[in-house]
Every structure is written in structure tokens, then in C-alpha cells.
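The values are calculated or read from the model by the stated rules, or taken from the named source; none is laboratory data. Everything numeric here is computed off the predicted structure, so don't read it as measured data. Methodologically, a virtual Cβ is constructed for each residue, glycine included, from the backbone with ideal geometry; neighbour enumeration extends over all protein chains shown. Quick note on the areas: whole protein, heavy atoms, side chains included, nothing else; ligands and nucleic acids left out. Shrake-Rupley method; radii C 1.70, N 1.55, O 1.52, S 1.80 Å.
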Amino acid sequence: QMQLVESGGGSVQAGGSLRLSCTASGISRYTYSSYCMGWFRQAPGKEREGVATIHTDGGSTYYADSVKGRFTISQDNAKNTLYLQMNSLKPEDTAMYYCAAGRKWCGSNWYRPSEKDFGYWGQGTQVTVSS
């Protein structure tokens, strides 16, 4: 029943910024408060990797080493919306970015994302960073 709708992808030059949004529908605000929300990305010929996660109940966030200090995951639970602020973009950030949700606690500092933890996925939004 849950649907994830993404927006904010596009093409930017290296050093630029984008903010991705993901809005969950088909669930109540209360239900949304019990999900792990995450962003994954997949570049052509490469494996899908977890970029960042946050639990809607709060707790620690996770960031891939490659994006630490540049990307920030946040949420507006009242709007069932997840964000990924991407600053200082690099060409290697070019990928299809996917919003995902799962019924998994991911607010602990030891959490590392796995695709198996996420049962709902958005359609993907393309991010292209040029030199």
C-alpha cells in the first residue's frame, strides 16, 4: 500500500547542490513514525549501495563514507517526507538514486543498511554531476 514518490533529481556541475525529496503515501503519520527510511544509489555497472538512512522514530543516522560531510539526510514526519541534501557534488555521485522504506530499526549507531531491510522502493531519480 505504501508508495514512495521522489523528486529533486537533475543535472548539476561538480561542486553544486541538489535536494532530493521522497514523500510516502498510503500510510498515516502514525504509521510513518515506525519506518527506517533510506537513500540508495546505483551507477551503471555498479552495485546498489546504501547512501544514508534515518529512522522515523529518531536515532543515529548512517552515511556511506563516500558522502560523509557532504550529504545530509533529514525528514519531516508531519509530511511523511524524506530529504537528502547533497552538497559539494562530485562526478562519482552520478547515479540513479532510490528512496526506500522498511520496518526495521535503523536508529542505532551500529546499523549498516542492506537492501533486504527495505521492502518499499521509489521509482528512482537520476542525478548527474558533470565536471
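Numbers for the structure displayed
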{"quantity": "Accessible surface, per residue, of segment 1-80 when the full set of protein chains is kept, probe 1.4 Å, Å²", "calculated": "50"}
{"quantity": "Once the Cα gyration tensor of segment 1-56 is diagonalised, semi-axes √(5λ) in Å", "calculated": "25, 14, 11"}
{"quantity": "Those aspartates and glutamates that a straight Cα-Cα span of less than 18 Å connects to residue 46, excepting residues fewer than 8 apart in one chain", "calculated": "65, 92, 93, 115"}
{"quantity": "Diffusion constant of the chain at 20 °C, which comes from Stokes-Einstein with the Kirkwood Cα-pair radius and 1.002 mPa s, µm²/s", "calculated": "148"}
{"quantity": "Ordering of 23-32, 88-97 by packing [mean C-beta count within 10 Å, highest first]", "calculated": "88-97, 23-32"}
{"quantity": "Heavy-atom accessible surface of the chain: percent carbon and sulfur, 1.4 Å", "calculated": "45"}
{"quantity": "Euclidean distance of C-alpha centroids, segment 102-131 and segment 4-65, integer Å", "calculated": "6"}
{"quantity": "Rounded if a/c under 1.5, otherwise prolate or oblate - segment 27-70, Cα gyration tensor axes", "calculated": "oblate"}
{"quantity": "Ranking by accessible area, most exposed first, for 19, 103 with a 1.4 Å probe", "calculated": "103, 19"}
{"quantity": "DSSP bridge pairs, the chain: antiparallel proportion in percent, nearest 5", "calculated": "90"}
